[in-house]
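Colleague: Sharing a structure below in structure tokens format, with a few things to ask.
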Amino acid sequence: VKEEDVERHFRQDSISMKRLMPYFFIGPALLALVALVVYPLLYGVYISFFKTNLANKWDFVGLKNYISVFSDGVFVKQLGVTLKFTAIVVLAHFIIGIFLAMLLNQSRPGITFFRTILVLPWLMPEVVIALIFKLIMNPLYGLLNYGMQLLGLSEGGVSWLGDTKYAFISVVLVCIWKGYPLVMVNALAALQSVSTDIYEAAKVDGANKIQTFFRIILPSIKPVLATTLILDTVWWFKHYTIVYLMTKGGPGSDTSIVSIEIYKQAFDYFNFGKAASMSVVVFFVCLIISKLYRRFLDNED
């Protein structure tokens, strides 16, 4: 073999900087993904097989944590409350969000001002929103009770967050107000990408506004709405901040969603293994919901 052929072969097979450059670009993002998502997820699954305080107690219990989660009935009930909470909030988000997106998808004076105002709830921190509405709904000096008394709708202070008749719906309304801008912004962006020729063709064919909405607009923005539906459902299914700060799961267990019970098991009772097993169950529930959404929306004509 000639020396020139050997050198040429070595140059062709050697790793050049040009070939390595893509890996340098994706390397930091990949490391961050592994460190912040993959490792905590796997570590949580690992903890779920132990009865541990994460310090000096590591007793392997196998599947006992998972069995106890479903055997006591409390977690199953809280899953039901969480599903009810998520279904109402997400449905209201889409009704309000799509309606507002349709109104804002117009070229009128001042429309930019309303677009800015209506997106503000999503930009505000959840802690701030929870504390503000907790003050508004205070039974003694809250603005809501004061306004109702001025209008003659109520004589005494209503305990909006302490009464079983009002606590759940009060929290739901606050979460609806907080989250509808996500759907509104995504739907508005999707509507603006739809060609005006489609609307004109529907008008020429004699379609009214309702037919245009259900047969032209919704199918055109369906991919965006599908992704938004999955994100919004998963976000509010595992939601914690607003509900905990407003009611802490009370009164009784009326607003006790699974995320609050996971927090209590981990940081009130120091039962980290059971809390981890609950988190794994929640992860798979969210995964199943996502798969069902995808299957239904992808197969829908």
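The values are calculated or read from the model by the stated rules, or taken from the named source; none is laboratory data. Here the structure is a predicted model, which means the values were calculated and not measured. Neighbour counts are summed over all protein chains in view; Cβ atoms, including those assigned to glycine, are modelled from backbone coordinates with ideal geometry. The area values use the complete protein model at the heavy-atom level, side chains included, leaving out ligands, DNA and RNA. Shrake-Rupley method; radii C 1.70, N 1.55, O 1.52, S 1.80 Å.
Colleague: Any idea how many residues of region 205-232 are within 25 Å of LEU292 (Cα to Cα) and either aliphatic (A, V, I, L, M) or surrounded by 21 or more Cβ atoms within 10 Å (Cβ to Cβ) (or both)?
Modeller: Looking only at that region, the number is 12.
Colleague: Report whether or not PHE85 is open to solvent by less than 30 Å² (accessible area, probe 1.4 Å) and either farther than 30 Å from VAL194 by Cβ or touching a residue at least 40 places away in the same chain (Cβ under 8 Å) (or both).
Modeller: yes
Colleague: Between VAL69, VAL61, VAL76, which is closer than 15 Å to SER279 by Cα, among the hydrophobic types (A, V, I, L, M, F, W, C) and open to solvent by 30 Å² or more (accessible area, probe 1.4 Å)?
Modeller: On inspection, the qualifying residue turns out to be VAL76.
Colleague: Any residue at all in region 200-223 that's part of a loop (DSSP other than H, G, I, E, B) and of a type in the set (A, V, I, L, M)?
Modeller: Scanning region 200-223, I find at least one residue that is part of a loop (DSSP other than H, G, I, E, B) and of a type in the set (A, V, I, L, M), so the answer is yes.
Colleague: Of these, LEU135, LEU143, LEU150, which one is within 20 Å of GLY250 (Cα to Cα) and surrounded by fewer than 14 Cβ atoms within 10 Å (Cβ to Cβ)? It would help to see each step written out before you state the result.
Modeller: Values: LEU143 fails: within 20 Å of GLY250 (Cα to Cα); LEU150 fails: within 20 Å of GLY250 (Cα to Cα).
Selected residue: LEU135, the only one of LEU135, LEU143, LEU150 that is within 20 Å of GLY250 (Cα to Cα) and surrounded by fewer than 14 Cβ atoms within 10 Å (Cβ to Cβ).
Colleague: What number goes with the only condition from (1) open to solvent by 80 Å² or more (accessible area, probe 1.4 Å); (2) without any contact (Cβ under 8 Å) to a residue 12 or more places away in the chain that VAL38 does not pass?
Modeller: VAL38 satisfies all of (1) open to solvent by 80 Å² or more (accessible area, probe 1.4 Å); (2) without any contact (Cβ under 8 Å) to a residue 12 or more places away in the chain except (1).
Colleague: Has region 121-128 got at least one residue that is within 23 Å of ILE217 (Cβ to Cβ) and surrounded by 12 or more Cβ atoms within 10 Å (Cβ to Cβ)?
Modeller: Yes, region 121-128 contains a residue that is within 23 Å of ILE217 (Cβ to Cβ) and surrounded by 12 or more Cβ atoms within 10 Å (Cβ to Cβ).
Colleague: Where residues in region 95-147 are of a type in the set (Phe, Trp, Tyr) and touching a residue at least 12 places away in the same chain (Cβ under 8 Å), which of them is farthest from GLY179 (Cα to Cα)?
Modeller: The extreme case among them is PHE133.
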